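J.: First the structure, then my questions, so here it is.
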Amino acid sequence: MRKPPVRLLGVAVSLALSIVMSACGGSSGTGTPTPSGPKIGVVTDIGQLEDKSFNEYSWKGVQEGAAAIGAPAPKVIVTKDVADYKQNIQQFVDQKFDVILTIGFLIGSETGKAATANPGIQFFGIDQFVADPAPPNYQGLLFNEAQAGYLAGIVAGTITKSGKIGAVGGRSDVPPVVNYIKGYGNGAKSVKSDVKVSVNYTEDFNAPDKGEASAKTMIGQGVDVIFQVAGLTGAGALRAACSAKIWGIGVDVDQYQSLPDAKQCIVTSAEKHIEVAAREAMKRFKAKGKQTSNFFNDATNGGIGYSPIRNLSPIPAGLEDKLKAAIDAMKAGTLNPNP
C-alpha cells in the first residue's frame, strides 16, 4: 500500500493529539474549558423544588455559586418524605460529591451524621444550627428570622385598622418559624402597643387548603393583616387574604414576585436572603476550604430584610423611616426583636 504524503501524516497526528487532549478534559470541544471545580449536590426539604420559597431559592443560590467558582452544574434530589433524608444524602456521598447542601431544619440531624461519617465532604445546612463540637466539614447557614419578622410586624401594626393581625405558621417545632412570628408580634406592638396578634400553627408546610382555612378563621375574627410563615401552606393563607380583600405579608422571599396570584394584596415580605446565603457559601468553600460551625445572616451583613412596600397608595407617612430606623438599630445591636 502506498504511504500517505508527509503533509497528511502531520494532519493525522494533529487530529489524534486534539482528540487525546479533549478526552483528558482540556476542553469541552467547543473551545470552552470543562468545569473542574467541586461536584456540588443539593438535597431539598420535603415538598417540591419549585416551592416559591426555601427549596427554590436555595437551589438558585447554589447554581449561581457553582457558576461563580467554575464548578460543574450542581445536581439536586427533591425529598418527598422525611424518611428519605438519609438515603438522599447518601446518594451524593456514594457518587463522591465534594459539597452537599441540605435545606431546612428537619434534615439537620441526618446532615450532621453524614458530615461526621464523611470528613472529606463539605456539608452546608440551610437553617441548621451546628452544635459544638462542630464537625470541621459542616456549617449551618442561619438567619435572624426575628429581625425580619420584626420588620413585617412594623408594617402590619402600621396598616391594621381593626387592631387585629394574624400569623399562619407551619410546624411549631421549627425554631425559624417560631422566631419569625415572635419578631412579628413584637414589631407590631412597637408601633401599636395594644394590637392583638392571632397565631395558628398548621403543622404542615405543604397544604394550601389548611393555610386557607386557618386564615379564613382569623379573618372571621376581625384580623385584617395576615403574615404567612408556612411555605405552600402559607400560600393558601395569602390567597384567602386576597379573597377577603385584606392585607397579606409574605415570607423568606419577595412573594409579590413569586406568588403572582396573590400579588394584589401583598404589601411586603419578611425576607431571608437565602439565595445570597447559598451562593456565598459556595464561594467561601472555594476561597477558604472547609467551613465549620455556623454562619449567621442578619442585619449586620444584609442577610435579612423586607421586600419593597406595594399596594399601599400612598405609603403611610413615616412607615419607611420606621423600617430604616429599626434596621439601623439592629445593625448597631441596640434593638432586640425577640427580648
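The values are calculated or read from the model by the stated rules, or taken from the named source; none is laboratory data. None of the values given here were measured: they were computed from a predicted structure. Cβ sites come from the backbone with ideal geometry, for glycine too, and all protein chains shown count toward neighbours.
J.: For the list (1) surrounded by 18 or more Cβ atoms within 10 Å (Cβ to Cβ); (2) assigned by TED's automatic domain parsing to the domain that holds GLY65, I need the number of the one condition that GLY289 fails.
T.: Failed condition: (1).
J.: Based on what the data block shows, is PRO175 surrounded by fewer than 23 Cβ atoms within 10 Å (Cβ to Cβ), free of Cβ contacts under 8 Å to residues at least 24 places away in the same chain and not polar (S, T, N, Q)?
T.: no
J.: Quick one: would you say GLY236 is touching a residue at least 24 places away in the same chain (Cβ under 8 Å), crowded, with 20+ Cβ neighbours inside 10 Å, assigned by TED's automatic domain parsing to the domain that holds GLY170 and not hydrophobic (A, V, I, L, M, F, W, C)?
T.: For GLY236, the condition - touching a residue at least 24 places away in the same chain (Cβ under 8 Å), crowded, with 20+ Cβ neighbours inside 10 Å, assigned by TED's automatic domain parsing to the domain that holds GLY170 and not hydrophobic (A, V, I, L, M, F, W, C) - is met.
J.: May I pose another question? Evaluate the following for GLU56: is it assigned to a helix (DSSP H, G or I) and in contact with a Ser or Thr (Cβ under 9 Å, 6 or more places away or on another chain)?
T.: yes
J.: Can you tell me how many residues in segment 239-269 are buried (at least 24 other Cβ atoms within 10 Å of the Cβ) and touching a Gly at 6+ places or on another chain (Cβ under 6 Å)?
T.: The total comes to 3.
J.: Output the residues belonging to segment 291-324 that are more than 23 Å from TYR57 (Cα to Cα) and not aliphatic (A, V, I, L, M).
T.: If the condition is that a residue be more than 23 Å from TYR57 (Cα to Cα) and not aliphatic (A, V, I, L, M), then ASN311, SER313, PRO314, PRO316, GLY318, GLU320, ASP321, LYS322, LYS324 are the ones that fit.
J.: Scan segment 272-300 and report the pairs whose first residue is over 23 Å from ASP252 (Cα atoms) and whose second residue is assigned to a helix (DSSP H, G or I) and of a type in the set (Lys, Arg), with Cβ atoms within less than 9 Å and a gap of 6+ or a chain change.
T.: GLN291/ARG284
J.: While we're here: For segment 138-155, indicate whether the set of residues that are in contact with a Pro (Cβ under 6 Å, 6 or more places away or on another chain), surrounded by fewer than 24 Cβ atoms within 10 Å (Cβ to Cβ) and assigned to a loop (DSSP other than H, G, I, E, B) is non-empty.
T.: Looking through segment 138-155, none of the residues is in contact with a Pro (Cβ under 6 Å, 6 or more places away or on another chain), surrounded by fewer than 24 Cβ atoms within 10 Å (Cβ to Cβ) and assigned to a loop (DSSP other than H, G, I, E, B).
J.: Right, something else. In the same structural domain as ALA278 (by TED's automatic domain parsing), assigned to a helix (DSSP H, G or I) and among the aromatic types (Phe, Trp, Tyr): does that describe PHE124?
T.: For PHE124, the condition - in the same structural domain as ALA278 (by TED's automatic domain parsing), assigned to a helix (DSSP H, G or I) and among the aromatic types (Phe, Trp, Tyr) - is not met.
J.: If you don't mind, there's one more thing I want to ask. Please find, within segment 62-96, the residue that is surrounded by the most Cβ atoms within 10 Å (Cβ to Cβ) out of those that are farther than 9 Å from VAL43 by Cβ and among the β-branched types (Val, Ile, Thr).
T.: Only one residue tops the list, namely VAL62.
J.: Further, regarding this structure: If we keep just the residues of segment 289-339 that are in a helix (DSSP H, G or I) and of a type outside the set (A, V, I, L, M, F, W, C), which is nearest to ILE274 (Cα to Cα)?
T.: Selected residue: ASN301.
J.: Please verify whether segment 137-155 includes one or more residues that are more than 19 Å from the chain's Cα centre (by Cα) and within 25 Å of PHE295 (Cα to Cα).
T.: Checking segment 137-155: at least one residue is more than 19 Å from the chain's Cα centre (by Cα) and within 25 Å of PHE295 (Cα to Cα).
J.: Which one of these does THR111 not meet: (1) touching a Phe, Trp or Tyr at 6+ places or on another chain (Cβ under 7 Å); (2) under 23 Å from GLY234 (Cα atoms); (3) of a type in the set (S, T, N, Q)?
T.: (2)
J.: While we're here: Output the number of the condition that VAL62 fails; it satisfies all remaining conditions of (1) of a type outside the set (Asp, Glu); (2) assigned to a helix (DSSP H, G or I); (3) over 22 Å from ASN118 (Cα atoms).
T.: It fails just one condition, (3).
J.: Keeping to segment 156-203, report how many residues are more than 22 Å from the chain's Cα centre (by Cα) and either on the phi > 0 side of the Ramachandran plot or not in a helix (DSSP H, G or I) (or both).
T.: 16
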